[in-house]
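Heads up: the structure comes next, in structure tokens.
Any read-out appearing in this document is the output of simple, stated calculations on the displayed coordinates, not a laboratory observation. In this text, all values refer to a predicted model and were calculated from it rather than measured experimentally. No Cβ is skipped: glycine too gets one built from the backbone with ideal geometry, and neighbour counts run over all protein chains shown.
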Amino acid sequence: MRRLTIDHDTVRRWIESRGGHPAIVSGVPGEGEHVLRVDIPGYDEQEFLAPVSWEEFFRHFEEKRLAFEYDEEGRYFRFASRR
């Protein structure tokens, strides 16, 4: 079942329970600054990811007015607009 949240504790627990950590895209020309990502083992991404602190991650999460959509049982997630 998919859920949508803006609660920082819920987001952090979900990510950490899957062995993940907060990250941003770095070193990719034209990508813009502070594109949020979650680095989870086993995902074969082609992006350049730089780890960030939870504080920095959630600062950008709030500045961009994002929500976190996730599957309670699986590994599906995405960032969505709060609109």
Legend entry - 5 angstrom amide H check on Ala67, placed H, neighbours 5+ away: Ala80, Ser81, Arg82
Legend entry - Along each principal axis, Cα extent of the chain, largest first, Å: 36, 30, 20
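Given Cβ point charges of +1 (Lys, Arg) and -1 (Asp, Glu) and nothing else, what value in debye, to the nearest 20, does the dipole of the range 2-81 about its Cα centre take?
Here the size comes out at about 180 debye.
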Legend entry - For Glu69, net neighbour charge (Lys/Arg +1, Asp/Glu -1) across residues whose Cβ lies under 9 Å away: +2
Legend entry - Note, ³J(HN,Hα) from phi for the range 48-58, Karplus 6.51, -1.76, 1.60, rounded to Hz, x at Gly and Pro: 8, 10, 10, x, 9, 6, 4, 4, 5, 4, 6
Inset, instruction - Report, by chain and number, residues whose modeled amide H sits under 5 Å from the one on Val35, excluding near sequence neighbours (fewer than 5 apart, same chain). - result: Val25
Legend entry - Cα lying deepest toward the dipole's positive end in the range 2-81, options Phe57, Pro22, Phe68, charges on Cβ: Phe68
